[in-house]
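Enquirer: Questions regarding the structure given below will be posed in turn.
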């Protein structure tokens, strides 16, 4: 869930591929649940996404799948992890930044939070990494 007032994202669910099927499940452990800060992300960006999603929901009509996801396909379903990886790579190239593996992004998140001068207690707990940055 995204809280625009507090600029946080609560992670409680995960998307897994099991035998060619995408499963929307709760995170494996309580330690996997996290509240991530969204510093530097303008509330307007998230509000714009909500407006795009509302338009997509109206266009999809009865075909819309409501799972409370922030980023969805055109009918409200989860974005396939393979498509997400491809999109992530393209966006890294466009931004001119070094591509990191998706599984390395929690560490990258922690590093960026430190660079943004977010309290040091935040990065390790919120990004799912236990090591110091």
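Enquirer: Given the options 68, 76, 61, name the one that is at positive phi and surrounded by 13 or more Cβ atoms within 10 Å (Cβ to Cβ).
Expert: 76
Enquirer: Still on this structure, I have one more. Which members of the range 1-19 meet the condition of being surrounded by 11 or more Cβ atoms within 10 Å (Cβ to Cβ) and at pLDDT below 80?
Expert: 1, 2, 3, 4, 6, 7, 8, 9
Enquirer: A further question follows. Can you tell me how many residues within the range 28-55 are within 24 Å of residue 5 (Cβ to Cβ) and free of Cβ contacts under 8 Å to residues at least 24 places away in the same chain?
Expert: Residues meeting the conditions: 12.
Enquirer: Further question on the same structure: For the structure I just gave you, tell me whether residue 22 is surrounded by 11 or more Cβ atoms within 10 Å (Cβ to Cβ), in a strand (DSSP E or B) and modelled with pLDDT under 80.
Expert: For residue 22, the condition - surrounded by 11 or more Cβ atoms within 10 Å (Cβ to Cβ), in a strand (DSSP E or B) and modelled with pLDDT under 80 - is not met.
Enquirer: Taking the criterion of being under 23 Å from residue 26 (Cβ atoms), modelled with pLDDT under 85 and within 14 Å of the chain's Cα centre (by Cα), would at least one residue in the range 58-67 satisfy it?
Expert: Looking through the range 58-67, none of the residues is under 23 Å from residue 26 (Cβ atoms), modelled with pLDDT under 85 and within 14 Å of the chain's Cα centre (by Cα).
Enquirer: Looking at the structure I just gave you, is residue 41 within 23 Å of residue 111 (Cα to Cα) and either at pLDDT 80 or above or surrounded by fewer than 14 Cβ atoms within 10 Å (Cβ to Cβ) (or both)?
Expert: Yes: the conditions hold for residue 41.
Enquirer: Is there a residue in the range 92-111 that is modelled with pLDDT under 80, loosely packed, with under 13 Cβ neighbours inside 10 Å and more than 17 Å from the chain's Cα centre (by Cα)?
Expert: no
The values are calculated or read from the model by the stated rules, or taken from the named source; none is laboratory data. Remember, predicted model here, so these are calculated numbers, not experimental data. Reconstructed Cβ throughout: ideal geometry from the backbone, glycine too, with neighbour counts over all protein chains shown.
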